[in-house]
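Student: One structure coming up, written as structure tokens, with questions to follow.
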Amino acid sequence: MSTQPIEDSHDEPLFPMPPLTEQALRVAVRSLDLGAAVRFEEEFHSAWQEAVQTDSTVPMHTFLHRWGVFVALRRHPDRARRLHELEAAVADAPSIEDARRASAQIGVLLDAARREVAG
């Protein structure tokens, strides 16, 4: 497993963090990953239907937060690359301990992305 640092302070984002709105996140996701853009649309419609059925805004807030974290993780090229490496390390881990170490590092990346979204 790689010993690269979790975060690289020299990693400039591709674009500023967009606001947590449907349209802004749609544009950001589409610019980062066309395959994810399809999932975004599917999940948006599911969240919208659930919000209408339950008369609650929670499904939409959850949807926007989740995709905000997706964008925050991937708008930094080095962070996105590191996430991909760690996901592969978990998938190919020769032991449960190696998988746990890589998973813990993914958790650090997720925490940083969540802080970015909340900030």
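Student: Any idea which of Leu64, Leu83 is assigned to a helix (DSSP H, G or I) and outside the structural domain of Ala28 (by the TED database)?
Tutor: Leu83
Student: From the list Asp33, Asp111, which one is of a type in the set (D, E, K, R), farther than 20 Å from Leu14 by Cβ and within 14 Å of the chain's Cα centre (by Cα)? First the steps, then the outcome.
Tutor: Working: Asp33 fails: farther than 20 Å from Leu14 by Cβ.
Exactly one of Asp33, Asp111 is of a type in the set (D, E, K, R), farther than 20 Å from Leu14 by Cβ and within 14 Å of the chain's Cα centre (by Cα), namely Asp111.
Student: Next question, about the same structure. Inside segment 72-90, can you point out the residues that are within 17 Å of Ser31 (Cα to Cα) and surrounded by fewer than 20 Cβ atoms within 10 Å (Cβ to Cβ)?
Tutor: Pro77, Asp78, Ala80, Arg81, listed by residue number.
So that you can scan it fast, the table gives a plain yes or no per residue for (1) open to solvent by 30 Å² or more (accessible area, probe 1.4 Å); (2) assigned to a helix (DSSP H, G or I); (3) touching a residue at least 40 places away in the same chain (Cβ under 8 Å); (4) not small (Gly, Ala, Ser):
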{"site": "Arg39", "(1), (2), (3), (4)": "yes, yes, no, yes"}
{"site": "Phe44", "(1), (2), (3), (4)": "no, yes, no, yes"}
{"site": "Glu50", "(1), (2), (3), (4)": "yes, yes, no, yes"}
{"site": "Phe70", "(1), (2), (3), (4)": "no, yes, yes, yes"}
{"site": "Ala102", "(1), (2), (3), (4)": "no, yes, yes, no"}
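The values are calculated or read from the model by the stated rules, or taken from the named source; none is laboratory data. As the structure is a computational prediction, the values presented were derived from the model and not from experiment. Cβ atoms come from the backbone with ideal geometry, glycine included; neighbour counts cover every protein chain shown. These accessible areas exclude ligands, DNA and RNA; they are computed on the full protein's heavy atoms, side chains included. Shrake-Rupley method; radii C 1.70, N 1.55, O 1.52, S 1.80 Å.
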